[in-house]
Amino acid sequence: MKINGKISIEDINKTFSKFALGTAFYNDDGKDTWFKIMDNFIEFGGTVIDSARGYGKSENIIGSWIENRSDRDNIIIMTKCGLTNDGVLPSENYPDLVYRELNISLQTLKTSYIDVYMLHRDNLNMTVAEILEPLNESIAKGYILSLGASNWTYPRVDEANEYAYKNNMKGFAVVSNNISLAVQSEPFYPGLISTDKTGEQWHKERQIPLIPWSSQARGFFTGRWTPQMPANDGFTKRMIEVYCTDDNFRRLSRAKELGESKGYTTVEVALAWLLHKPFPIVPIVGPHTQDELISCVKATKLSLTDEECKWLNLDE
């Protein structure tokens, strides 16, 4: 099974695989496991690896893995800057922040360039000119190939891209907001943005790829989450508050029913549903084991009709 994709963007002479490999949880303790998952991901035809400065040891693990590989130029590295606890891109000394975090990422990832460099959040008190100009300076120096906006509203992306076009600069080539078969009732963390129907139409019209995080709803489709389970930690509490709605349990039930009829798990059905969107999409998945990676690969082979997609999302 191969997961070679067809999506490409300007300034990157590589093709995006059908899904991206998420690494936010990578750490030193599981280094051998993460190395093996990345190796297998590449063997399956994967090309896109997602990270961020704010993801703990993620960039360190990727850098250690990629240092001895000969195919760096076949891999699309995505990483992000500007993550803060209050969910807002820092405005104070912003150009210095871009320079500092970018250089740390380059050194840590053991690479001379980042394929897709994303802003982890927006700051509505900053102009798009203030935000884009330092990034374009790094593009001119060859440190960045293309830009992405993570957790940005679509009007702001339009504003930024219009400014970039008028000023002969690079705007945002991709957007990384949330979307999954399970709909969030509210942002999981401050500053997070989900793609609604209007956002989907935006991607369809502009053909700018969506690279969604939490594409499998943080494990909701494993069936382990219920409103009755004890909220013994903050994450469980948020999962119950954000995902445990009646409509999402109906979606879970339908995914299970459809999966059983076709020989797929509910998690695989949920990922396949995303892959049938009528616009460019590269979901970020986060397999913790080889079996979970193989499950994601299997999901790319599941064919769904338009009627089945609507039924799964309660759109019938």
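If we keep just the residues of region 1-54 that are surrounded by fewer than 16 Cβ atoms within 10 Å (Cβ to Cβ), out of contact with any Leu (no Cβ under 6 Å at 6 or more places or on another chain) and of a type in the set (Asp, Glu), which is farthest from Arg100 (Cα to Cα)? Filtering region 1-54 for residues that are surrounded by fewer than 16 Cβ atoms within 10 Å (Cβ to Cβ), out of contact with any Leu (no Cβ under 6 Å at 6 or more places or on another chain) and of a type in the set (Asp, Glu), the one farthest from Arg100 (Cα to Cα) comes out as Glu43.
Among the residues of region 189-212, write down those that are over 23 Å from Val88 (Cα atoms) and hydrophobic (A, V, I, L, M, F, W, C). Trp202, Ile208, listed by residue number. Checking each residue in region 257-314 for being without any contact (Cβ under 8 Å) to a residue 40 or more places away in the chain, of a type in the set (Gly, Ala, Ser) and either at positive phi or outside any helix (DSSP H, G or I) (or both) picks out Gly263, Ser303.
Before we move on, is Phe16 on the phi < 0 side of the Ramachandran plot and touching a residue at least 40 places away in the same chain (Cβ under 8 Å)?
Values: on the phi < 0 side of the Ramachandran plot: yes; touching a residue at least 40 places away in the same chain (Cβ under 8 Å): yes.
Here the answer is yes, as Phe16 does meet what is asked.
Scan region 33-51 and give yes if some residue there is touching a strand residue (DSSP E or B) at 6+ places or on another chain (Cβ under 9 Å), hydrophobic (A, V, I, L, M, F, W, C), free of Cβ contacts under 8 Å to residues at least 60 places away in the same chain and not in a helix (DSSP H, G or I), otherwise no. Within region 33-51, one or more residues are touching a strand residue (DSSP E or B) at 6+ places or on another chain (Cβ under 9 Å), hydrophobic (A, V, I, L, M, F, W, C), free of Cβ contacts under 8 Å to residues at least 60 places away in the same chain and not in a helix (DSSP H, G or I).
Going through region 127-160 one residue at a time, which ones are among the polar types (S, T, N, Q), closer than 21 Å to Ser51 by Cα and without any contact (Cβ under 8 Å) to a residue 40 or more places away in the chain? Scanning region 127-160 gives a single hit, Asn136. Only one entry of Val116, Val98, Val157, Val128 meets the criterion of being of a type in the set (A, V, I, L, M) and touching a Cys at 6+ places or on another chain (Cβ under 8 Å), and that entry is Val98. Going through (1) under 20 Å from the mean Cα position of the chain (by Cα); (2) in a loop (DSSP other than H, G, I, E, B); (3) among the small types (Gly, Ala, Ser) one by one, Gly219 falls short only on (2).
Among the residues of region 149-194, how many are of a type in the set (Ser, Thr, Tyr) and either part of a loop (DSSP other than H, G, I, E, B) or over 25 Å from His276 (Cα atoms) (or both)?
To start, the set of residues in region 149-194 that are of a type in the set (Ser, Thr, Tyr) comprises 150, 153-154, 163, 165, 176, 180, 185, 189, 194.
From what is left, the residues that are either part of a loop (DSSP other than H, G, I, E, B) or over 25 Å from His276 (Cα atoms) (or both) are 153, 163, 165, 180, 185, 189.
So the count comes out to 6.
Coordinate-derived values only; no laboratory data. The structure displayed is predicted, hence computed values, not measured ones. Because the Cβ atoms are built from the backbone with ideal geometry, glycine has one as well, and the counts that use them run over all protein chains shown.
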